[in-house]
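Data first, discussion second: the structure below is written as structure tokens.
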């Protein structure tokens, strides 16, 4: 077992995968032992600070983490089926510690509608994006929620072959044909 693997194994015994991911970048073998020790000390301090956060500070941190994950995804300008609006909304529910029913009550939409939105069975309106922005204390802007949904719509438009065939039948005259 090389030095990196030993360090990682010892850290795994003390911290969860999430804590490690939040706090450390594994060093490469060209880094000095002093740098490795400094990073280990930083991780210890970071974990101690994280463990002493108040509930409100943890919530703030978790919402910001979600926000920056959304921002990173949006900066790629490419749809990923693992990053749907519903997936982000499910994550938001976990972050804020809400059930679907409770969030539906807090943002004043019917629980079954929220469920359909999470499952991708119902489109998102701007009003939901505004409500989610407000619910997050404006930490996650409405435009992030909206753009994530729009990436899904763009993907659907680019890949909807059957729907194109159906809609093509409704066109009675073509203005231009090459």
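The values are calculated or read from the model by the stated rules, or taken from the named source; none is laboratory data. Owing to the predicted nature of the structure, the values given are computational and were not obtained by experimental measurement. Here the Cβ positions follow ideal geometry from the backbone for every residue, glycine too, while neighbour counts run over all protein chains shown.
Being in a loop (DSSP other than H, G, I, E, B), on the phi > 0 side of the Ramachandran plot, surrounded by fewer than 18 Cβ atoms within 10 Å (Cβ to Cβ) and assigned by TED's automatic domain parsing to the domain that holds residue 146, is that true of even one residue in region 76-89? Reasoning before the result, please.
Filtering region 76-89 for residues in a loop (DSSP other than H, G, I, E, B) gives 76-84.
From what is left, the residues that are on the phi > 0 side of the Ramachandran plot are 77.
Remaining after also requiring surrounded by fewer than 18 Cβ atoms within 10 Å (Cβ to Cβ): 77.
Checking which are assigned by TED's automatic domain parsing to the domain that holds residue 146 leaves us with 77.
Yes.
Can you spot a residue in region 29-39 that is over 21 Å from residue 137 (Cβ atoms) and touching a residue at least 24 places away in the same chain (Cβ under 8 Å)?
yes
Before we move on, is residue 74 under 21 Å from residue 137 (Cβ atoms), touching a residue at least 12 places away in the same chain (Cβ under 8 Å) and in contact with a helix residue (DSSP H, G or I) (Cβ under 7 Å, 6 or more places away or on another chain)?
Values: under 21 Å from residue 137 (Cβ atoms): yes; touching a residue at least 12 places away in the same chain (Cβ under 8 Å): yes; in contact with a helix residue (DSSP H, G or I) (Cβ under 7 Å, 6 or more places away or on another chain): yes.
For residue 74, the condition - under 21 Å from residue 137 (Cβ atoms), touching a residue at least 12 places away in the same chain (Cβ under 8 Å) and in contact with a helix residue (DSSP H, G or I) (Cβ under 7 Å, 6 or more places away or on another chain) - is met.
From the list 101, 126, exactly one residue is within 25 Å of residue 80 (Cα to Cα), assigned by TED's automatic domain parsing to the domain that holds residue 78 and under 23 Å from the mean Cα position of the chain (by Cα). Which is it? Talk me through it step by step, then tell me what you get.
Working: 101 fails: within 25 Å of residue 80 (Cα to Cα).
After ruling out the rest, the residue left standing is 126.
Out of everything in region 2-22 that is over 20 Å from residue 49 (Cα atoms) and part of a helix (DSSP H, G or I), what residue ends up being farthest from the chain's Cα centre (by Cα)?
Looking at the filtered set, the residue picked out is 3.
For region 46-64, what are the residues that are assigned to a helix (DSSP H, G or I) and at pLDDT below 85?
Taking region 46-64 and keeping what is assigned to a helix (DSSP H, G or I), we get 46-51, 55-64.
Result: 46, 47, 48, 49, 50, 51.
So, in region 154-178, of the ones that are under 24 Å from the mean Cα position of the chain (by Cα) and free of Cβ contacts under 8 Å to residues at least 24 places away in the same chain, which residue ends up nearest to residue 90 (Cα to Cα)? If you could, list the steps in order and put the result at the bottom.
Kept after step one, since they are under 24 Å from the mean Cα position of the chain (by Cα), are these residues of region 154-178: 154-159.
Checking which are free of Cβ contacts under 8 Å to residues at least 24 places away in the same chain leaves us with 156-159.
Numbers: 156: 21, 157: 24, 158: 26, 159: 25 Å.
Selected residue: 156.
Looking only at region 90-102, which residues are over 19 Å from residue 58 (Cα atoms) and touching a helix residue (DSSP H, G or I) at 6+ places or on another chain (Cβ under 6 Å)?
In the first step, residues of region 90-102 are kept if they are over 19 Å from residue 58 (Cα atoms); the result is 100-102.
Correct list: 100, 101.
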